[in-house]
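Following: one structure in structure tokens, then a few remarks.
The values are calculated or read from the model by the stated rules, or taken from the named source; none is laboratory data. As the structure is a computational prediction, the values presented were derived from the model and not from experiment. Ideal geometry is used to build each Cβ from the backbone, glycine not excepted, and the neighbour counts take in all protein chains shown.
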Amino acid sequence: MPIRIMIAEDERLAREELTYLLQQEVDVELLPCATNGRELLEMVDLHNPDVVFLDMKMPEMEGGQAARMLASRKQQPLIVFCTAHEEFAVTAFKLNAVDYLLKPTEPQRLVETMQRVRERLFSHKVEHATTKRSKLLVEENDRLVVIDPADIIYAVREDRLVQIWTKTHSYTTRMTLTELAGKLQSHDFFRTHKSYLVNLHYVSELTPWFNGAYNLSLKGESNVRIPVSRTTVKSLLKKLEGK
């Protein structure tokens with residue numbers, strides 16, 4: 001299937017140059033262009049591109065703000081930033097951009113960028129397929145329980161047992177927390193503490209505790225506070241930022 005690409009660029013010459021270069025790629029389908037940030041958000045909803053080549057400096061809404069708004073959506077395109085200003089490089093990679101192109105775009109750099117795009121899209125497809133197929137089998141008492149990993153909110157070690165909390169039930173298993181983390185390694189789980197494993201999709205906020213440690217709050221679980229050890233805070237923040 002072709003890679004569906006949208007260009008968001010307010011300068012006509014820059015749009016035409018990038019359009020020409022992308023037309024040289026055999027597996028690319030070019031969608032209508034956007035000329036400002038607000039128009040981009042509307043057109044992404046309409047056309048659902050795989051990738052957006054996004055100018056950092058645009059009227060009405062700058063590229064960085066548009067990228068943050070796209071990142072909050074369930075169906076979010078990959079982002080390649082295009083700009084004449086090198087100082088935006090750090091911002092681009094904080095937003096988990098695939099690449100950062102300086103204008104005027106060099107043909108060979110675009111070829112390299114498209115290779116990165118293909119690798120990222122392939123990785124997403126493999127991850128989605130793995131997530132979609134896999135279930136977790138948990139032995140509880142004398143039965144095997146089938147659990148969808150997406151339903152697990154967190155797991156906690158209590159003495160020699162592990163308690164798994166889902167949206168509707170809790171399960172107690174003799175599986176160790178390390179074993180459980182291994183079974184869930186293809187999903188977005190994080191070991192915040194030696195006794196806790198958390199589904200990152202349910203994280204709502206982190207609040208400072210003491211000595212550099214934090215407490216983590218979960219969506220829909222107002223009475224639960226998960227400890228985040230001082231040694232795992234930086235890794236957790238990177239995970240939450242998609243790095």
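All of (1) modelled with pLDDT under 90; (2) surrounded by 22 or more Cβ atoms within 10 Å (Cβ to Cβ) hold for LYS57 with one exception: (2).
State whether the residues of region 63-84 include one that is hydrophobic (A, V, I, L, M, F, W, C) and either more than 19 Å from VAL98 (Cα to Cα) or not assigned by TED's automatic domain parsing to the domain that holds GLU106 (or both).
No, region 63-84 contains no residue that is hydrophobic (A, V, I, L, M, F, W, C) and either more than 19 Å from VAL98 (Cα to Cα) or not assigned by TED's automatic domain parsing to the domain that holds GLU106 (or both).
Within region 187-207, if we keep just the residues that are under 16 Å from THR176 (Cβ atoms) and surrounded by 15 or more Cβ atoms within 10 Å (Cβ to Cβ), the residue that is farthest from the chain's Cα centre (by Cα) turns out to be SER195.
Results for (1) of a type in the set (A, V, I, L, M, F, W, C); (2) outside any helix (DSSP H, G or I), shown as yes or no for each residue.
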site	(1), (2)
GLU39	no, no
MET43	yes, no
PHE53	yes, yes
MET58	yes, yes
GLN65	no, no
MET69	yes, no
GLN75	no, yes
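When restricted to residues that are within 22 Å of GLU39 (Cβ to Cβ), at pLDDT 80 or above and touching a helix residue (DSSP H, G or I) at 6+ places or on another chain (Cβ under 6 Å), region 81-99 contains 2. Taking the criterion of being of a type outside the set (S, T, N, Q), surrounded by fewer than 14 Cβ atoms within 10 Å (Cβ to Cβ) and at pLDDT below 80, the residues of region 208-243 that qualify are GLY220, GLU241, GLY242, LYS243.
State all residues of region 29-47 that are crowded, with 17+ Cβ neighbours inside 10 Å, modelled with pLDDT of 90 or more and either closer than 15 Å to VAL117 by Cα or small (Gly, Ala, Ser) (or both); if no residue qualifies, say none. If the condition is that a residue be crowded, with 17+ Cβ neighbours inside 10 Å, modelled with pLDDT of 90 or more and either closer than 15 Å to VAL117 by Cα or small (Gly, Ala, Ser) (or both), then LEU30, ALA34 are the ones that fit. Being more than 23 Å from THR105 (Cβ to Cβ) and among the polar types (S, T, N, Q) is the filter; apply it to region 60-77 and report the residue that is surrounded by the fewest Cβ atoms within 10 Å (Cβ to Cβ). Of everything passing the filter in region 60-77, SER72 is surrounded by the fewest Cβ atoms within 10 Å (Cβ to Cβ).
Having 1 or more residues that are of a type in the set (A, V, I, L, M, F, W, C) and under 27 Å from ASN96 (Cα atoms) is the bar; report the strands (runs of 3 or more DSSP E) wholly within region 144-243 that clear it. Give the steps one after another, and end with the answer.
On the way: elements: 152-158, 161-166, 170-173, 189-193, 196-199, 203-208, 214-218, 221-228.
Once the strands (runs of 3 or more DSSP E) in region 144-243 are filtered for at least 1 residues that are of a type in the set (A, V, I, L, M, F, W, C) and under 27 Å from ASN96 (Cα atoms), what remains is 152-158, 189-193, 196-199, 203-208, 214-218, 221-228.
In region 145-158, the residues that are in contact (Cβ under 8 Å) with a residue 12 or more places away in the chain and under 11 Å from THR173 (Cβ atoms) form Cβ pairs under 6 Å with partners that are among the β-branched types (Val, Ile, Thr) and surrounded by 16 or more Cβ atoms within 10 Å (Cβ to Cβ), at six or more places apart or across chains, as follows: VAL145/VAL138; ILE147/VAL138; ALA155/VAL162; ALA155/ILE164.
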